[in-house]
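Reading through the structure tokens given below for one structure.
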Amino acid sequence: MLTRKIKLWDINAHITCRLCSGYLIDATTVTECLHTFCRSCLVKYLEENNTCPTCRIVIHQSHPLQYIGHDRTMQDIVYKLVPGLQEAEMRKQREFYHKLGMEVPGDTKGEACSAKQHSDPHRNGETKADDSSNRETAEEKQEEDNDYHRSDEQVSICLECNSSKLRGLKRKWIRCSAQATVLHLKKFIAKKLNLSSFNELDILCNEEILGKDHTLKFVVVTRWRFKKAPLLLHYRPKMDLL
């Protein structure tokens, strides 16, 4: 089968940030229009603007930062296409934290470890000690993966239904990771209620519809800061379905 080689130059426009013209780092996508930028570039831009830098669509009149989200898939694609980019970025981050005398965040450590495994294939003559170390690292990583975010900060939630068109949950009190998003809750409720799609739901806090990419930590800090636990959320069918 014939294959056609594509030069990196030909796809640069799809994997570079419009704001800094560099390859995407910590790729972040605007949920309204799906245009992607470096997170640091986009956050800095949205401090004084509320529109997308590419298409100028209004993201949100007052809180545009609530409608952007990390695009892990795009970032993985960029790292795979551009040789050495991930390793260079991890090195810069480690040097930055060491310079400030701060501990390197766990995510950076994990990505650096992953990058090293991808960039350093097994070579002839590797010692048994190296193999043992790799096995131990893999076992530790597996234990972390099996933790199911139990070590994360937890949030207690009460899920109430405020519509006669949907039934209430049998168990409306749940406790989960603060890093879970509103989208996770939508999928959870849809599964419990046997709905055909989680897109049929809106979740509200203080009568305000929450964005699907909001983390529960963000909701607590911005909508429930001075109130006691649990975090009270309501769900209902989307307005266009009423």
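At a glance:
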{"item": "Lys187-Ser40 pseudo-label distance in nm [points 7 Å out on the Cα-to-Cβ vector]", "result": "3.1 nm"}
{"item": "Estimated vicinal HN-Hα couplings, Hz - region 205-211 in sequence order (Karplus 6.51, -1.76, 1.60; Gly, Pro = x)", "result": "9, 6, 6, 10, 5, 8, x"}
{"item": "Cut-off under 5 Å, modelled amide H: who pairs with Ala178 long-range", "result": "Glu153, Gln154, Val155"}
{"item": "Estimated inter-spin distance, Ser156 and Lys228, nm [label 7 Å along Cα→Cβ]", "result": "0.9 nm"}
{"item": "Under 5 Å, built H, 5+ apart or other chain: amide partners of Leu201", "result": "Lys238"}
{"item": "Relative contact order %, region 154-237, counting alpha carbon pairs below 8 Å whose residues are six or more apart", "result": "44 percent"}
{"item": "Filtered GluC sites (Glu not before Pro), region 150-218: DSSP coil and at most 15 other beta carbons within 10 Å", "result": "Glu153, Glu207"}
{"item": "Label-point separation in nm, Val104 to His70, each point 7 Å along Cα→Cβ", "result": "1.7 nm"}
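Where a number appears in this text, it was derived from the coordinates with a stated rule and is not lab data. All figures in this text were calculated on a predicted structure; none of them were measured in a lab. Reconstructed Cβ throughout: ideal geometry from the backbone, glycine too, with neighbour counts over all protein chains shown.
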